[in-house]
Amino acid sequence: MNFRSTFSQIVWLQVAAIAATSLVMPVAIFLFLDRTVSAYQVQMLHQREQVLFRALSRARDGGLALPPSLETPYAQEISGFAFSVMDGTGKVRLSSEADRGALGPLPPARQQGVFRRKTGKGVYVGASFPETFQDRPIWIQVEQNQENPDVVLDDVVARFLPAVGWLTAGLLLFLLVADIVIVRRALEPILRASAMARAVSPSRMDLRLPTDRMPSEILPVMEAVNQAFDRLEQGFRAQRDLTADVAHELRTPLSVLRMRVESLNEPEVRGRLLADIDVMSRLVSQLLSIAELETVVIGPDDIADLRQVCLEVVELLAPLAFEQGKSMELTGALGAVPVRGRPEMLFQAVRNLVENAIRHSPPKGTVTVEVVDDGRVRVLDRGPGVPEAMKGRLFERFWRARRKERSSVGAGAGLGLSIVSRIAEEHGGTVSLDDRPGGGALFTLKLEPAPASGAAKGTVRAM
């Protein structure tokens, strides 16, 4: 579980609190009940003592006496009660016990005291009460055997702790589940906003975090984030518009420059200048492609026939390969290979890969475009390949190799392969580079397939 999650932290804090409560609550209730029972027992003993005190009288011999109706039940230990009456010095004057001894120790001062003693008959709980009888101080002690069948309070207390423990555990477990549901429901707007935030990208700068049903503590943060998104969207739009404007403005001067260079009488100089102009024109086109990529949104219903896209690329670039003494072939599936995406963007990606392969293929070499039924396009050439140290940076925008290494990776502006990577990312796909067995490079563009029927295999060769 992710403990950095607010939901996880709240749940675990609730679990800890409930666990502590489940341990403390039964003990606290038990202690409270035990104290209440003890107070009730003392009150009950005091009531017994008052009955004895009111019935106390002076015997003919000067001693103390009780009516037979009271002495008999105590002597027969009915209800487990016993009593003892002592003078102010602690000497027993009247007792229900055969040994006529004190039932328990007297308090150090003339105040009520509670005692507990254990004998062969059981455990007794008693109390000592100071009284004044005929202007003389006396003590009356009353106790009860806790093992007498009439005593049920101790049994209730003894059985209370396990029972209340299970009841408390069940109740707290229910509260834990309820807390989890409540917390999950309270965090639902935040989780929804988090999912929306993950969908925000340069191509979806129109998205904003929802603020409805948002807790008041989080609402200012969400509003501040949305304001930041507004500023980012304006910045991206200004950057995109600047790139597009610059690219458009450069097209006309390049066209004029090409016309003037074509009128030169020196073929060697004219050829080198036209090649440079072609590179600049390609760079302008790539800048426009980058600007367009920032505005394109791939819809769930956008489906393209990958084989048809590759076929159009081969038809377009075959003359270029032929002019350079190279050939091209389209292999793999002959039937439709539907993938999720926009055909014009996929055309741009495949075209960049194929142009790169043509540029690095040796004379009389063959560039192979293979379409696989699972939504992959493999572009293979027999060029010098790419050093291992450069493969990780080949798809970075504007990255170019050092002069001595450009024979293997080309002398372009460093935008073509980065555009391929960006298009693959926008389509939820990937692009990778591997060494071709026997020499050369193997670029693989993998896209998400759309529902399709089986396709036949074959080869279309363009010379």
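Any residue that is free of Cβ contacts under 8 Å to residues at least 12 places away in the same chain and more than 43 Å from the chain's Cα centre (by Cα) - is there at least one of those in region 320-327?
The initial filter retains those residues of region 320-327 that are free of Cβ contacts under 8 Å to residues at least 12 places away in the same chain, namely 323.
Now drop any that are not more than 43 Å from the chain's Cα centre (by Cα), which leaves 323.
The answer is yes, given that some residue of region 320-327 is free of Cβ contacts under 8 Å to residues at least 12 places away in the same chain and more than 43 Å from the chain's Cα centre (by Cα).
I'm trying to understand the selection: among the residues of region 173-190, which are loosely packed, with under 13 Cβ neighbours inside 10 Å and over 16 Å from W12 (Cα atoms)?
If the condition is that a residue be loosely packed, with under 13 Cβ neighbours inside 10 Å and over 16 Å from W12 (Cα atoms), then R185, E188 are the ones that fit.
Across region 438-463, what is the number of residues that are open to solvent by 70 Å² or more (accessible area, probe 1.4 Å) and either small (G, A, S) or at pLDDT 90 or above (or both)? Before the answer, list the steps.
The initial filter retains those residues of region 438-463 that are open to solvent by 70 Å² or more (accessible area, probe 1.4 Å), namely 438, 446, 448, 451, 453-454, 457, 459, 461, 463.
So of that shortlist, the ones also either small (G, A, S) or at pLDDT 90 or above (or both) come out as 438, 446, 448, 453-454.
The qualifying residues number 5.
Confirm whether V156 is part of a helix (DSSP H, G or I), modelled with pLDDT of 75 or more and open to solvent by 60 Å² or more (accessible area, probe 1.4 Å). Write out each step before concluding.
Details: part of a helix (DSSP H, G or I): yes; modelled with pLDDT of 75 or more: no; open to solvent by 60 Å² or more (accessible area, probe 1.4 Å): yes.
Criteria not met by V156.
Here's a check for you: in region 326-340, which residue that is hydrophobic (A, V, I, L, M, F, W, C) and open to solvent by 10 Å² or more (accessible area, probe 1.4 Å) is modelled with the lowest pLDDT? Walk me through how you get there before you give the answer.
Within region 326-340, the subset hydrophobic (A, V, I, L, M, F, W, C) is 328, 330, 333-334, 336-337, 339.
From what's left, open to solvent by 10 Å² or more (accessible area, probe 1.4 Å): 334, 336.
Values: L334: 84, A336: 91.
Checking each candidate, the answer is L334.
Would you pick out the residues in region 1-59 that are at pLDDT 75 or above, small (G, A, S) and not in a helix (DSSP H, G or I)?
Passing the criteria: S57, A59.
Just to be sure before I move on: is L161 modelled with pLDDT of 75 or more, within 19 Å of A28 (Cβ to Cβ) and in contact with a helix residue (DSSP H, G or I) (Cβ under 8 Å, 6 or more places away or on another chain) in the structure I sent? Full working, then the answer.
Details: modelled with pLDDT of 75 or more: no; within 19 Å of A28 (Cβ to Cβ): yes; in contact with a helix residue (DSSP H, G or I) (Cβ under 8 Å, 6 or more places away or on another chain): yes.
Answer is no for this residue.
Among the residues of region 301-313, is there at least one that is modelled with pLDDT under 90 and not polar (S, T, N, Q)? Let's see the steps before the verdict.
Our first condition is that a residue be modelled with pLDDT under 90; within region 301-313, this holds for 301-302.
Remaining after also requiring not polar (S, T, N, Q): 301-302.
Scanning region 301-313 turns up at least one residue that is modelled with pLDDT under 90 and not polar (S, T, N, Q).
Could you check region 97-126 and list, in sequence order, the residues that are open to solvent by 90 Å² or more (accessible area, probe 1.4 Å), of a type outside the set (D, E, K, R) and at pLDDT 85 or above?
P105, P108, Q111, Q112, V114, listed by residue number.
Is region 236-244 home to any residue that is modelled with pLDDT of 70 or more and of a type outside the set (A, V, I, L, M, F, W, C)?
For region 236-244, residues modelled with pLDDT of 70 or more and of a type outside the set (A, V, I, L, M, F, W, C): present.
Does region 81-88 include one or more residues that are within 13 Å of I140 (Cα to Cα), without any contact (Cβ under 8 Å) to a residue 40 or more places away in the chain and in contact with a Leu (Cβ under 9 Å, 6 or more places away or on another chain)?
No.
Pick from V221, V279: which is among the β-branched types (V, I, T), assigned to a helix (DSSP H, G or I), open to solvent by 70 Å² or more (accessible area, probe 1.4 Å) and modelled with pLDDT of 80 or more? Walk me through how you get there before you give the answer.
On the way: V279 fails: modelled with pLDDT of 80 or more.
Just a single option satisfies the conditions, and that option is V221.
The values are calculated or read from the model by the stated rules, or taken from the named source; none is laboratory data. Being a predicted model, the structure only gives us computed values, none of them experimental. All Cβ positions, even for glycine, are placed from backbone atoms using ideal geometry, and neighbour counts span all protein chains on display. Each accessible area value is taken on the protein alone, full model and side chains, heavy atoms only, with ligands, DNA and RNA left out. Shrake-Rupley method; radii C 1.70, N 1.55, O 1.52, S 1.80 Å.
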